[in-house]
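Taking it in order: structure first as structure tokens, then the write-up.
The values are calculated or read from the model by the stated rules, or taken from the named source; none is laboratory data. All of these numbers come straight from a predicted model, not from anything done at the bench. With ideal geometry, Cβ positions are generated from the backbone for all residues, glycine too; neighbour counts draw on all protein chains shown. Note: areas computed on protein heavy atoms with side chains; ligands, DNA, RNA excluded. Shrake-Rupley method; radii C 1.70, N 1.55, O 1.52, S 1.80 Å.
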Amino acid sequence: MDLKLEAVVLPVSDVNRAKAFYEKAGFRLDLDKAANEDWRGVQLTPPGSECSIIFGKGVTSATPGSAQCLYLVVSDIEQARAGLIDRGIEVSEIFHDADFFYHGHEDGEITHRLQGQQRLAGPRPERASYGSFATFSDPDGNGWVLQEITQRLPGR
């Protein structure tokens, strides 16, 4: 049986500001519905994704900006970064890790979870899949990671 991730709930403080940000980033608006003055849901989908994001008023009690390590897979990290910048989104420089990568994400920025791990500037040498990254955050600090994957591991 397939289990497919359909949606991720993001905690935001200002629904209109978040909606404007994600539309500016190129996400498709799927739904903006208010049931009453205490509940409003907004759903948007990143280009090419089957999984959406949902946020709104009364949707979650999580602290705004507490969603971290939201990965967006891209086939060309340089093109994806440039496209977001062209849309007015602030994106980190492209980087890769010196060795094995395993990241946390705090305050809109990737942090290394292995002692002594180093971040190096630019894409992974030879553009190896799963190895090049860039980050950005929404206005509340929910943290996103662009990860370049040109060839998937078997079974994916």
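What percentage of the solvent-accessible surface of the chain, computed with a 1.4 Å probe over protein heavy atoms, is contributed by carbon and sulfur atoms? Exposed carbon and sulfur together represent 49 percent of the surface. At 20 °C and a viscosity of 1.002 mPa s, what translational diffusion coefficient does Stokes-Einstein give for the chain, taking Rh as the Kirkwood radius over Cα pairs? Give it in µm²/s as a whole number. The estimated diffusion coefficient comes to 129 µm²/s. Taking 0.36 nm per residue of separation and subtracting the Cα-Cα distance, full extension of the segment from residue 31 to residue 87 would add 18.0 nm.
Principal-axis analysis of the Cα atoms of the chain puts helix 15-24 at an angle of about 40° to the longest axis.
Net length available on complete extension from residue 128 to residue 51 is 25.2 nm, with 0.36 nm assigned per residue and the Cα-Cα distance removed. Site pair residue 119 and residue 78 shows an inter-label distance of 2.1 nm when each label is modelled 7 Å from Cα along Cα→Cβ. Which residue fluctuates the most in the chain, going by a Gaussian network model with Cα springs under 10 Å, if the choices are 18, 82, 67? Maximum among the listed residues: 82. Applying 0.36 nm per residue to the separation of residue 2 and residue 16 and subtracting their alpha-carbon distance, the gain on full extension is 1.6 nm. Pairing the Cα long axis of helix 77-86 with the longest principal axis of the chain, what angle in degrees results, from 0 to 90 and rounded to the nearest 10? On a 0 to 90 degree scale, this one is about 40.
With contacts taken as Cα pairs under 8 Å and at least 6 residues apart, the chain reaches a relative contact order of 24 percent. The mean accessible area for residues of the chain, using a 1.4 Å probe and ignoring ligands and nucleic acids, is 58 Å² per residue.
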